[in-house]
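J.: The structure is given below, and queries will be raised subsequently.
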Amino acid sequence: FSVPSEADVARALDTPLTANDETTSDPLELLRSTNISTARLTSIAFEKDDERNGHVAFVTAASNLRALCYGIDPVDAMETRRVA
């Protein structure tokens, strides 16, 4: 599992990697400076059978955080994979 680089994020958003005319390495500042009305997102394939990409781990973590907020029992990665 690897986090996309800022250049990959900027390319995906089709926006320059600048904020207030200065190069930034702060992801939050990059998001704040992005014009959301002109941003273009690209989709990626969800592959639940490849452990190296971290897709199931991310979905499991996100769904378990939501479950905890709503008093639902969390599930393991195998249950997430079964549902997905």
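J.: Considering only segment 48-84, how many residues are among the charged types (D, E, K, R) and surrounded by 12 or more Cβ atoms within 10 Å (Cβ to Cβ)?
T.: Within segment 48-84, residues that are among the charged types (D, E, K, R) and surrounded by 12 or more Cβ atoms within 10 Å (Cβ to Cβ) number 4.
J.: In segment 69-84, what count of residues is obtained for those that are of a type in the set (D, E, K, R) and in a loop (DSSP other than H, G, I, E, B)?
T.: 2
J.: Same structure again: Out of all the residues in segment 26-34, is one or more open to solvent by 80 Å² or more (accessible area, probe 1.4 Å), hydrophobic (A, V, I, L, M, F, W, C), modelled with pLDDT under 75 and out of contact with any helix residue (DSSP H, G or I) (no Cβ under 6 Å at 6 or more places or on another chain)?
T.: yes
The values are calculated or read from the model by the stated rules, or taken from the named source; none is laboratory data. In this text the structure is predicted, and so the values were computed from the model without any measurement. Positions of Cβ are backbone-derived with ideal geometry, glycine not excepted, and every protein chain shown enters the neighbour counts. Ligands, DNA and RNA are stripped out before the accessible areas are found, and what is left, the full protein with its side chains, is counted by its heavy atoms. Shrake-Rupley method; radii C 1.70, N 1.55, O 1.52, S 1.80 Å.
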